[in-house]
Amino acid sequence: MGSVNTRIELVQELARYQSLVQAYAYSIVRDFHIAEDVYQEVALILAQKWEELPRGEELKPWLRETTRRKALEARRKHQKSGPLLSEDVLELMGGHFGQTPAEERERERKRSMGDAMTQCLAQLHEAPRDVLEARYGKSL
């Protein structure tokens with residue numbers, strides 16, 4: 001791994017796809033700790049092969065397949081019981097891997113936080129709400 005810019009790019013891609021990889025792994029292994037381990041393995045492989053992999057949106061298919069394989073491997077290794085999703089379901093879920101852009105997820109997160117804030121403010125009595133609005137304006 002060469003330049004600082006290359007390392008920065010790798011870290012940015014890891015951060016961009018971390019929750020996506022973990023969620024997909026969790027849907028297969030059904031254990032948060034194992035899903036985190038799968039993410040760590042995928043991140044390590046990504047770092048090792050970074051120079052030869054595609055960038056941006058074209059990286060998603062590689063991440064999807066690597067995550068699927070590592071999650072199935074981890075499931076066998078940990079002898080997880082319970083129903084394993086069929087290959088058809090895994091393929092269907094994998095087909096949706098990363099379809100929601102990061103910006104859209106961030107907008108949705110902010111919207112849901114805004115909804116929660118609105119509900120909290122609605123529960124306040126008038127005087128405390130007036131203090132908050134005086135300090136933060138109508139942007140609450």
Report ³J(HN,Hα) in whole Hz for each residue of region 116-124, in order, from the Karplus equation J = 6.51 cos²θ - 1.76 cosθ + 1.60 where θ = phi - 60°; Gly and Pro get x.
5, 5, 4, 5, 5, 4, 5, 7, 6
Taking the Cα-to-Cβ direction at E51 and at L121 and moving 7 Å from each Cα, how far apart do the two end points lie in nm?
5.3
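Treat the count of other C-beta atoms within 10 Å as a stand-in for reagent exposure and order D31, D115 from fewest to most. Intermediate values should be presented prior to the final figure.
Values: D31 17, D115 10.
Sorted ascending by nearby Cβ count, the order is D115, D31.
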So how do 125-133, 58-66, 8-16 stack up, highest first, on mean other-Cβ count within 10 Å?
58-66, 8-16, 125-133
Charge context of L124, other residues only, Cβ under 11 angstrom, K/R +1, D/E -1
-2
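Read the figures in this text as sums done on the coordinates, not as results from a lab. Note that the structure is a prediction, hence the values are computed from the model and not measured. Cβ coordinates were reconstructed from backbone atoms using ideal geometry, including for glycine residues, and neighbour counts include every protein chain displayed.
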